[in-house]
1. Could you go through the range 27-39 and let me know if any residue there is modelled with pLDDT under 95 and among the hydrophobic types (A, V, I, L, M, F, W, C).
2. Which ones in the range 18-63 are assigned to a strand (DSSP E or B) and either among the hydrophobic types (A, V, I, L, M, F, W, C) or surrounded by fewer than 14 Cβ atoms within 10 Å (Cβ to Cβ) (or both)?
3. Take the residues in the range 47-64 that are touching a Lys or Arg at 6+ places or on another chain (Cβ under 9 Å) and not small (Gly, Ala, Ser), then tell me which one is nearest to Met2 (Cα to Cα).
Amino acid sequence: MMKTIDTTLQNKYSQLIPAIEAICTAKPGEKLQIIMNEEAAFKDIKEYLSEKSIGFREIYDENKRTLQFKV
């Protein structure tokens, strides 16, 4: 089962905050799907996952970008 974190509804602060929080609180082996619409935040999360050697899948749908990965 995959846990979905939709950050597109976030308007008080950066979409990075709920995304990183989800990654940090995920159990080992948990599958996450993070949905974003801020290009800079999406790029930062991809860089973070790459630095941690976490493989991910990118999905582009209109103005939303999704990353799927296993922690």
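1. There is no residue in the range 27-39 that is modelled with pLDDT under 95 and among the hydrophobic types (A, V, I, L, M, F, W, C).
2. Within the range 18-63, Lys31, Leu32, Ile34, Ile35, Met36, Phe56, Arg57, Glu58, Ile59, Tyr60, Asp61 qualify.
3. Phe56
The values are calculated or read from the model by the stated rules, or taken from the named source; none is laboratory data. A quick note: this is a predicted structure, and the numbers were derived from the prediction, not measured. Here the Cβ is made from the backbone with ideal geometry for all residues, glycine too, and neighbour counts use every protein chain on show.
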